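Beneath this line is the structure, given in structure tokens, with notes to follow.
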Amino acid sequence: MRILVIEDDVRAGQAMVRGLREHGYQVELAADGLKGLTLARNPDLDGLVLDVGLPRLDGFSLLSDLRGAGIQTPVLILTAKDSLEDRLKGLELGGGDYLVKPFSFTELLLRLHNLLRRGPAALGRVYSAHGLELDSLRRKVRVQGQPVDLSNQEFTLLELLLRNEGHVVPRSRIAEELWGLSYDRDPNLVEAAVRRLRKRLDDRAQDRYIQTVRGVGYTIRASDG
């Protein structure tokens, strides 16, 4: 997959390029917004990693220009701010996910992988099933109207299951989403992650949202109708 990193911090940009190439991505680097905008118009790109605070053309303006031109390449936004206002602005402009600086490369890799898997159509969605609601932009979850605090891993797992509501998600797919592309750990970790999420959800409702399909994986049962 072809990725463009637009980052004016040369050291950080080069580190991301090296890391992504080691994981099989084809990567280019742009150090300012105008050069980034030119390269981002390439129709063969699969994804962008976009810093907001760029010289010559800021990241939000760059993203606005891309979407105005009809270019729907998925975008992972890098920002030093974690305000709801910035996330809303990024969503309105067509961004897909946020990563707040400083961050680990492992988190960047997982966020980018998940963003590319989802594709543009799923960005900023609100999912709901049987009184369970997940807002993917605000990263909020409610059960029967009551807020539920989830860890990043629990949120990722729940979003994966809701994106595939009514379908079985194999354990291998869950492991890939939670721990990366070369997952080779104890498979009991998947069961433990599901068990923790179940406890968070089912302690607040009469329903068991997550169902086990023995020998295959897990599913959120489909909404009525």
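Which pairs have Cβ atoms under 7 Å, sit 6 or more apart or on different chains, and link a residue in the stretch 135-158 that is free of Cβ contacts under 8 Å to residues at least 40 places away in the same chain and assigned to a loop (DSSP other than H, G, I, E, B) to one that is surrounded by 19 or more Cβ atoms within 10 Å (Cβ to Cβ) and of a type in the set (D, E, K, R)?
From the stretch 135-158, the pairs are S136/E159.
Would you point out which residue out of L137, L189, L123 is surrounded by 13 or more Cβ atoms within 10 Å (Cβ to Cβ), at negative phi, over 17 Å from the mean Cα position of the chain (by Cα) and modelled with pLDDT under 85? Write out each step before concluding.
On the way: L137 fails: over 17 Å from the mean Cα position of the chain (by Cα); L123 fails: over 17 Å from the mean Cα position of the chain (by Cα).
Only one candidate qualifies: L189.
Quick one: would you say P43 is part of a loop (DSSP other than H, G, I, E, B) and at pLDDT below 95?
yes
For A80, which of the numbered conditions (1) farther than 19 Å from D135 by Cβ; (2) open to solvent by 30 Å² or more (accessible area, probe 1.4 Å); (3) touching a helix residue (DSSP H, G or I) at 6+ places or on another chain (Cβ under 9 Å) fails to hold?
(3)
Condition first: open to solvent by 20 Å² or more (accessible area, probe 1.4 Å) and without any contact (Cβ under 8 Å) to a residue 40 or more places away in the chain. Now tell me which residues in the stretch 1-23 satisfy that.
If the condition is that a residue be open to solvent by 20 Å² or more (accessible area, probe 1.4 Å) and without any contact (Cβ under 8 Å) to a residue 40 or more places away in the chain, then V10, R11, A12, Q14, R18, R21, E22 are the ones that fit.
Are there any pairs, at least 6 apart or on different chains, whose C-beta atoms fall under 7 Å, with the first in the stretch 72-87 and farther than 19 Å from V5 by Cβ and the second in a strand (DSSP E or B) and open to solvent by 40 Å² or more (accessible area, probe 1.4 Å), and if so, which?
Every condition considered, the pairs that remain are D82/V100.
Applying the selection to the stretch 46-71, what residues are under 24 Å from F155 (Cα atoms) and touching a residue at least 60 places away in the same chain (Cβ under 8 Å)?
Of everything in the stretch 46-71, those that are under 24 Å from F155 (Cα atoms) and touching a residue at least 60 places away in the same chain (Cβ under 8 Å) turn out to be G47, V49.
Any residue that is closer than 24 Å to S151 by Cβ and out of contact with any Leu (no Cβ under 8 Å at 6 or more places or on another chain) - is there at least one of those in the stretch 40-49?
Checking the stretch 40-49: not a single residue is closer than 24 Å to S151 by Cβ and out of contact with any Leu (no Cβ under 8 Å at 6 or more places or on another chain).
Select from the stretch 192-210 the residues that are at pLDDT 75 or above and surrounded by 13 or more Cβ atoms within 10 Å (Cβ to Cβ) and list them in ascending order.
Narrowing the stretch 192-210 to residues at pLDDT 75 or above: 192-202, 208-210.
Across the stretch 192-210, the qualifying residues are A193, V194, R196, L197, R198, R200, L201, D202, Y209, I210.
Quickly run through the stretch 15-25 and pick out the residues that are touching a strand residue (DSSP E or B) at 6+ places or on another chain (Cβ under 6 Å) and in a loop (DSSP other than H, G, I, E, B).
Step one: filter the stretch 15-25 for residues touching a strand residue (DSSP E or B) at 6+ places or on another chain (Cβ under 6 Å), giving 16-17, 20-21, 25.
Scanning the stretch 15-25 gives a single hit, Y25.
Quick check on my filter: what residues within the stretch 26-40 are hydrophobic (A, V, I, L, M, F, W, C), open to solvent by 30 Å² or more (accessible area, probe 1.4 Å) and either out of contact with any helix residue (DSSP H, G or I) (no Cβ under 9 Å at 6 or more places or on another chain) or part of a helix (DSSP H, G or I) (or both)? Talk me through it step by step, then tell me what you get.
The initial filter retains those residues of the stretch 26-40 that are hydrophobic (A, V, I, L, M, F, W, C), namely 27, 29-31, 34, 37, 39-40.
When the remaining residues are screened for being open to solvent by 30 Å² or more (accessible area, probe 1.4 Å), the result is 29, 31, 34, 39.
Passing the criteria: L34, L39.
With the requirement that a residue be in a loop (DSSP other than H, G, I, E, B) and among the acidic types (D, E), what does the stretch 53-101 give you?
Once the filter is applied, which keeps residues that are in a loop (DSSP other than H, G, I, E, B) and among the acidic types (D, E), the stretch 53-101 yields D58, D82.
The values are calculated or read from the model by the stated rules, or taken from the named source; none is laboratory data. Everything numeric in this text was worked out from a predicted model, so none of it was measured. We place every Cβ from the backbone using ideal geometry, glycine too, and count neighbours over all the protein chains shown. Just so you know, the surface numbers come from the protein's heavy atoms only, side chains and all, with ligands and any DNA or RNA stripped out. Shrake-Rupley method; radii C 1.70, N 1.55, O 1.52, S 1.80 Å.
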